[in-house]
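Colleague: Below is one structure. I have some questions about it.
The values are calculated or read from the model by the stated rules, or taken from the named source; none is laboratory data. This structure is a prediction, so every number in the text was calculated from the model and none was measured. Because the Cβ atoms are built from the backbone with ideal geometry, glycine has one as well, and the counts that use them run over all protein chains shown. Heavy atoms of the whole protein, side chains included, go into the accessibility calculation; ligands, DNA and RNA do not. Shrake-Rupley method; radii C 1.70, N 1.55, O 1.52, S 1.80 Å.
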Amino acid sequence: GKGKTLEYRDEQPTYHKHESVGAKMFQDIAQRLKFSNDERQAITFAIENHMKGHNIDKMSSKKVLGLRQDKNWQRLKDVMWSDESVRGNLFNPEEFDKKMDYVEKIYNDFGDREEFEKRMSQLINGKMIMELIPDIKGQDIGKVKNMVRDEIIQRKFNVSLDEVKDLIFKHFKHI
């Protein structure tokens with residue numbers, strides 16, 4: 001996508017949004033070359049997300065976890081390494097390793113997607129929200145649920161059911 005997004009600002013090349021343009025370009029190529037759906041999904045995931053590697057250590061736990069729990073994480077990690085390593089003097093392998101340690105720490109705190117969802121559903125689910133707030137609208141259930149899930153993640157699952165109920169009421173007031 002860099003060829004299609006090349007612009008110059010202050011006489012310096014920029015490639016803003018090259019990852020999304022590149023992902024669209026890849027779809028056409030993958031179709032012509034008859035890539036399998038799994039190959040397509042893995043490569044598209046890496047193309048779309050490789051820039052996140054530069055600041056992954058500043059991303060929220062929720063976003064990092066979503067990347068790390070994806071079945072194509074290793075492919076993305078390899079592409080992030082490649083993307084950073086071609087930056088010459090700007091690349092610091094130790095800094096890259098620290099970023100990946102940060103990702104692994106979050107993953108170890110929360111586990112794989114299936115384990116994570118099982119733990120999360122024991123704390124918050126739509127049925128619980130509807131029982132606590134019977135007149136809540138359908139689309140608001142999802143909003144409240146997502147806001148509460150974000151707080152549970154921030155607290156690394158260190159919440160009681162009573163605290164979750166309080167969070168449900170708190171977030172319902174703000175929608």
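Colleague: What residue among R155, R40, R113 has the largest mean-square fluctuation in a Gaussian network model of the chain, using Cα springs under 10 Å?
Modeller: Looking only at R155, R40, R113, the largest GNM fluctuation is found for R155.
Colleague: Sort R32, R75, R119 from largest to smallest accessible area, using a 1.4 Å probe on the heavy atoms of the protein chains.
Modeller: Working: R32 170, R75 110, R119 80 Å².
If we order R32, R75, R119 from most to least accessible, we get R32, R75, R119.
Colleague: Given 0.36 nm per residue, what is the gain on full extension from L161 to K173 after removing their alpha carbon distance, in nm?
Modeller: Values: separation 12, 0.36 × 12 = 4.32 nm, distance 1.88 nm.
Computed gain between L161 and K173 is 2.4 nm.
Colleague: Next question. Give the accessible surface of the range 1-149 per residue, rounded to a whole number of Å², with probe radius 1.4 Å and ligands, DNA and RNA excluded.
Modeller: On the way: 9650 Å² over 149 residues.
Value for the range 1-149: 65 Å² per residue.
Colleague: I'd like the carbon and sulfur percentage of the solvent accessible area for the chain, probe radius 1.4 Å, heavy atoms only, ligands and nucleic acids excluded.
Modeller: Values: 5520 of 11360 Å².
That fraction is 49 percent.
Colleague: To the nearest 0.05, how large is the calculated FRET efficiency for R32 and K71 if R₀ is 41 Å and r is the Cβ-Cβ distance?
Modeller: 0.95
Colleague: Running a GNM on the chain with Cα contacts under 10 Å, which residue among N108, N89, N37 ends up with the highest mean-square fluctuation?
Modeller: Largest GNM mean-square fluctuation: N89.
Colleague: How high is the FRET efficiency between K63 and I133 when r is their beta carbon distance and R₀ equals 25 Å, given to the nearest 0.05? Walk me through the intermediate numbers first.
Modeller: Working: r = 28 Å, r/R0 = 1.11.
Between K63 and I133 the formula returns 0.35.
Colleague: Short version: ³J(HN,Hα) in whole Hz for each residue of the range 42-53, in order, from phi by Karplus 6.51 cos²θ - 1.76 cosθ + 1.60 (θ = phi - 60°), x for Gly and Pro, what are they?
Modeller: Couplings: 5, 6, 4, 4, 5, 4, 5, 10, 4, 6, 5, x Hz.
Colleague: Quick check on the chain: helices-only [θ] at 222 nm, where DSSP H runs of length 4 and up contribute -39,500 (n - 2.57) each and the sum goes over total residues. Nearest 500, please. Please list the in-between numbers first.
Modeller: Details: 10 runs with 119 residues, N = 175.
The helix contribution divided over the chain gives -21000 deg cm²/dmol.
Colleague: Could you tell me whether the range 53-121 comes out rounded, prolate or oblate from its Cα gyration tensor? Rule is a ≥ b ≥ c as square roots of the eigenvalues, rounded for a/c under 1.5, then prolate if a/b exceeds b/c, otherwise oblate.
Modeller: Details: a/c = 3.03, a/b = 2.21, b/c = 1.37.
Cα axes put the range 53-121 in the prolate bin.
Colleague: Okay, next question. Below 30 Å, Cα to Cα, which lysines can K2 reach? Residues fewer than 8 away in the same chain don't count.
Modeller: K2 reaches K17, K24, K34, K52, K58, K62, K63, K71, K77, K98, K99.
Colleague: In square nanometres and to one decimal, what's the mean projected area of the convex hull around the Cα atoms of the chain?
Modeller: It is 13.6 nm².
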